[in-house]
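Notes follow the structure.
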Amino acid sequence: MLPFASLLQATNSPAPASPAVQPPVVTQPATTAPTVQATAISSSDKAKIGRLFGSINRSKNMAKTAVSTTTSVRENAYTEQQIDEAWFRFVNTIPEHPDLHFVFSKAPYKNANTLTATVDNFVVFNKLNDIKPQLQRYLSNAVSNDTLAIEFTFIEGKKKPTTPREKARAMNESNGELLKMFTSWGLKLQ
């Protein structure tokens with residue numbers, strides 16, 4: 001007989017019946033680990049996610065500012081000249097944003113305690129809203145008045161011509177004599 005044959009016979013034979021109580025059989029449902037699927041994220045989705053987190057961070061910053069201003073509100077009187085000087089000096093606190101310096105080169109529109117600046121570039125508009133809490137604190141501290149409000153308004157400007165043909169059309173619109181010159185050269189503006 002083969003050495004494993006006796007082993008096979010032992011496992012195939014039925015177990016002897018015992019009059020004692022057998023322990024209950026407990027079966028547990030099989031659990032499977034959750035599966036995670038990787039999904040590629042497009043650059044536009046990344047931009048949307050970035051804007052979402054940016055707006056969340058801005059909301060947190062605004063909430064912190066609101067909490068700190070409600071404890072002791074300073075309402076000292078100030079002049080337009082003081083606001084303008086502080087507005088122009090704010091550029092020195094944001095050297096990492098040279099693309100925003102032109103906004104602070106002209107005085108904002110003032111209406112009561114609200115300062116309004118208009119921009120025609122959407123990227124600059126978003127960056128200004130990102131630094132708005134910092135600007136709010138700076139101006140409030142400069143004039144010792146916490147009731148100042150700052151608004152940035154985006155005004156979509158006329159699209160600037162970029163190609164030579166678009167530039168020629170734009171020049172023709174501003175000066176009708178150019179059309180005569182273009183036609184005398186045999187150029188067509190389509």
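The values are calculated or read from the model by the stated rules, or taken from the named source; none is laboratory data. Keep in mind it's a predicted model, so treat the numbers as computed, not measured. No Cβ is skipped: glycine too gets one built from the backbone with ideal geometry, and neighbour counts run over all protein chains shown. Ligands, DNA and RNA are excluded from the accessible area calculation, which covers all protein heavy atoms including side chains. Shrake-Rupley method; radii C 1.70, N 1.55, O 1.52, S 1.80 Å.
The figures follow:
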| read-out | value |
| --- | --- |
| Members of the range 99-126 that are in a strand (DSSP E or B) and open to solvent by less than 60 Å² (accessible area, probe 1.4 Å) | 110, 114, 115, 116, 117, 119 |
| Pair list, Cβ < 7 Å and 6+ apart or interchain, from the range 93-119 residues that are under 16 Å from residue 136 (Cβ atoms) and polar (S, T, N, Q) to residues that are open to solvent by 60 Å² or more (accessible area, probe 1.4 Å) and not in a loop (DSSP other than H, G, I, E, B) | 93/138; 114/151; 116/109; 116/151 |
| Residue within the range 70-82 that is part of a helix (DSSP H, G or I), at pLDDT 65 or above and of a type in the set (D, E, K, R) present | yes |
| Filter pass, residue 167 being closer than 26 Å to residue 122 by Cα and in a loop (DSSP other than H, G, I, E, B) | no |
| Qualifying residue in the range 148-163 (condition: part of a helix (DSSP H, G or I) and either more than 28 Å from the chain's Cα centre (by Cα) or surrounded by 15 or more Cβ atoms within 10 Å (Cβ to Cβ) (or both)) | no |
